[in-house]
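> The structure is given below, and queries will be raised subsequently.
The values are calculated or read from the model by the stated rules, or taken from the named source; none is laboratory data. No experiment lies behind these values; they were computed from the predicted model shown. Please note: Cβ atoms are built from the backbone with ideal geometry, for glycine as well, and neighbour counts cover all protein chains shown.
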Amino acid sequence: MRASLLHHARTSHVSRAFLSRTLTVSAAAAAGPVSVPSVKMAASKSQSGSRVLLGMSGDELQQVALDLGQQSYRGKQLHHILYKRKVKEIHDFVQLPLEFRRELQEAGWSVGRSPIHKAVTAADGTVKLLIKLEDNLLVETVGIPVEDDKGSFRLTACVSSQVGCPLRCSFCATGKGGFSRNLKRHEIIEQVLAIEEVFKHRVTNVVFMGMGEPMMNMKEVLEAHRCLNKDVQIGQRMITISTVGVPNTIKRLASHKLQSTLALSLHAPNQKLREKIVPSAKAYPLDAIMKDCRDYFLETSRRVSFEYTLLAGVNDAVEHAIELAELLHKWGRGHHVNIIPFNPIEGSEYKRPYKKSVLAFAAALESRKITVSTRQTRGLDASAACGQLRNEFQKRPLHAGTDHQQSQSEVAIAS
Ligand code: SF4
C-alpha cells in the first residue's frame, strides 16, 4: 500500500499546517481548570467505564503490574506491547502469561483501541479514517503521506480532539454539524495508531487540526501529547496544536513549555472582519490573541504559525495582506503565515479565490518579510481538510450504522 501512496504523494510539500482549521472562542467553555499532565495520571476510563491502558506512562503501567501482584518488569512489557507492538486487545498480549492477561481483564482493564469503521483513500494517497468509538460515535482522522524532493517520507496524522465542534466558524461544516463530546486521551492517541496501522508506517508528524477545538479539551489533549511524545516517540517539534483562540488557554499552553508549534487560525487582519468569519472571536479581541501568541513565542521559542483561509472577495485582497503584515510586525517576530485557499463546500456562502489572488496575497506578505507557505490542494481536500471542510461525514455528530452515515460513506467513496 505504501508504494502506491508514495507514488501519489510526490507533491512538493504539504506543510504541517496542511489542514486548515479554525477554532472559536467560548470564554465560558474555556474557563475550566486545565491540569498539567503529571508523572502520575489516573487511568483514563472508557465510555463503558473500563480502565484504559492506552495513554499510560511506563511508570504507571509498572504500577498496574505491581497492583496485580506481578513484578514491575511486566509493566515494561505492557508498555512495549502497547506502544511498540501496538496490540489492540488484551487477549492478544501473547508475551504475557495467560493468568496475567486474565487478571487484567477481570480488574476491568482494556486497551482502549477502537475499530476502523471506514477508510477512504484519495488518488494522492491521503487517507481519511472514520473510527467507531465505544459509544458508536464516529470520529475522523486523516493520514497524509508526503515524500519530499530529497526522498524523505513523512506521514502526518491530522487528529480530532472532539466529536463535532461547539464552535461555529462560518466556513466550517464541522461546527455546523453540532457537538457531541470531548475525546478522551486514548481516543486521540488511537487515531495516530490507526493511521500507522493503515499505512504500515510510523507517523512522523501530528497536527491537532481535525474535528473540534483542542483548547476546549486541553487536559486530554495535553495528556495525549505527552503519550505521543514520550511513549509513541513522536518528537514534540513534530506536533502542532491548532486553535482559533480560546481565552486564557494560549497562556496555559505556553506555561507547559512544549516544543510544539502553535497554529493560530486567524483568517482576518482586523477584529471586525474576523468576527464575521469567526463569530466567537468577539470573546477574544485580536490584540489579546496577538499578545498571547507573542508570549507563547517568548516562552517557548517556538514560532507561531498563523493560518489564513483565503475566501474570495472577503479577506483575499492585497490590502488585507498589507494589513496582516502590519499586524504581525506590530507584535514582533517569529511569525509564519500558512495560506489556505478555501475549498468550496456544499451550502457555503464562500468561494474559492482565484489563483492570481492567492499569488498576489502571498507576494504582498513576502515583500513585507513575512514567511509564507501556501497549502497545496490534494485529492481529498474537499472532504478531508479537517477544520475547514464541509465534510460530508460531519454534518452532524456521527453515529455508526445510521442510514445517514451509510449514504454519506458512499458519497465519500465516490468522490
Ligand atoms: S472544527 Fe470548525 S467550527 Fe470548530 S473550531 Fe475548527 S474550524 Fe471552527
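> What about residue 121, is it among the β-branched types (Val, Ile, Thr), surrounded by fewer than 20 Cβ atoms within 10 Å (Cβ to Cβ) and outside the structural domain of residue 56 (by the TED database)? Don't jump to the end; show me each part of the working.
Details: among the β-branched types (Val, Ile, Thr): yes; surrounded by fewer than 20 Cβ atoms within 10 Å (Cβ to Cβ): yes; outside the structural domain of residue 56 (by the TED database): yes.
The answer is yes for residue 121.
> Given the residues 93, 100, which is the only one that is of a type outside the set (Val, Ile, Thr), at pLDDT 95 or above, surrounded by 20 or more Cβ atoms within 10 Å (Cβ to Cβ) and in contact with a Lys or Arg (Cβ under 8 Å, 6 or more places away or on another chain)? Break it down stepwise before answering.
Numbers: 100 fails: surrounded by 20 or more Cβ atoms within 10 Å (Cβ to Cβ).
On inspection, the qualifying residue turns out to be 93.
> Scan the stretch 142-172 for residues that are buried (at least 24 other Cβ atoms within 10 Å of the Cβ), within 17 Å of the chain's Cα centre (by Cα) and within 16 Å of the ligand (Cβ to nearest atom) and report the count.
Adding up the residues that qualify gives 11.
> I need a count of the residues in the stretch 75-86 that are part of a loop (DSSP other than H, G, I, E, B) and under 17 Å from residue 46 (Cβ atoms). Let's see the steps before the verdict.
Of all residues in the stretch 75-86, those part of a loop (DSSP other than H, G, I, E, B) come to 84-86.
When the remaining residues are screened for being under 17 Å from residue 46 (Cβ atoms), the result is none.
Counting residues in the stretch 75-86 that are part of a loop (DSSP other than H, G, I, E, B) and under 17 Å from residue 46 (Cβ atoms) gives 0.
> Another question about this same structure. Do we have any residue at all in the stretch 185-197 that's within 16 Å of the ligand (Cβ to nearest atom), surrounded by 24 or more Cβ atoms within 10 Å (Cβ to Cβ) and among the aliphatic types (A, V, I, L, M)?
Checked against the condition, which is being within 16 Å of the ligand (Cβ to nearest atom), surrounded by 24 or more Cβ atoms within 10 Å (Cβ to Cβ) and among the aliphatic types (A, V, I, L, M), the stretch 185-197 yields at least one hit.
> Among the residues of the stretch 80-115, which ones are without any contact (Cβ under 8 Å) to a residue 40 or more places away in the chain and more than 18 Å from residue 50 (Cα to Cα)?
Hits for the stretch 80-115 are 80, 81, 84, 85, 94, 95, 96, 97, 98, 99.
> For residues in the stretch 198-211 being of a type in the set (A, V, I, L, M, F, W, C) and in a loop (DSSP other than H, G, I, E, B), which is farthest from the ligand (Cβ to nearest atom)? It would help to see each step written out before you state the result.
We begin by selecting, within the stretch 198-211, every residue of a type in the set (A, V, I, L, M, F, W, C); these are 198-199, 203, 206-209, 211.
Still in the running and in a loop (DSSP other than H, G, I, E, B): 203, 209, 211.
Details: 203: 21, 209: 8, 211: 6 Å.
The qualifying residue farthest from the ligand (Cβ to nearest atom) is 203.
> In the stretch 95-118, what residues are part of a strand (DSSP E or B) and small (Gly, Ala, Ser)?
Going residue by residue through the stretch 95-118, those that are part of a strand (DSSP E or B) are 109-110, 116-118.
110 - this is the single residue of the stretch 95-118 that is part of a strand (DSSP E or B) and small (Gly, Ala, Ser).
Residues checked against (1) modelled with pLDDT of 85 or more; (2) under 21 Å from residue 233 (Cα atoms); (3) in a strand (DSSP E or B):
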residue: 120; (1), (2), (3): yes, no, yes
residue: 142; (1), (2), (3): yes, yes, yes
residue: 146; (1), (2), (3): yes, yes, yes
residue: 150; (1), (2), (3): no, no, no
residue: 181; (1), (2), (3): yes, no, yes
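> Of (1) closer than 23 Å to residue 275 by Cβ; (2) at pLDDT below 95, residue 246 satisfies all except one. Which?
Of everything listed in (1) closer than 23 Å to residue 275 by Cβ; (2) at pLDDT below 95, residue 246 misses just condition (2).
> Between 222, 228, which is surrounded by fewer than 23 Cβ atoms within 10 Å (Cβ to Cβ) and assigned to a helix (DSSP H, G or I)? First the steps, then the outcome.
Details: 228 fails: surrounded by fewer than 23 Cβ atoms within 10 Å (Cβ to Cβ).
Going through 222, 228 in turn, the sole match is 222.
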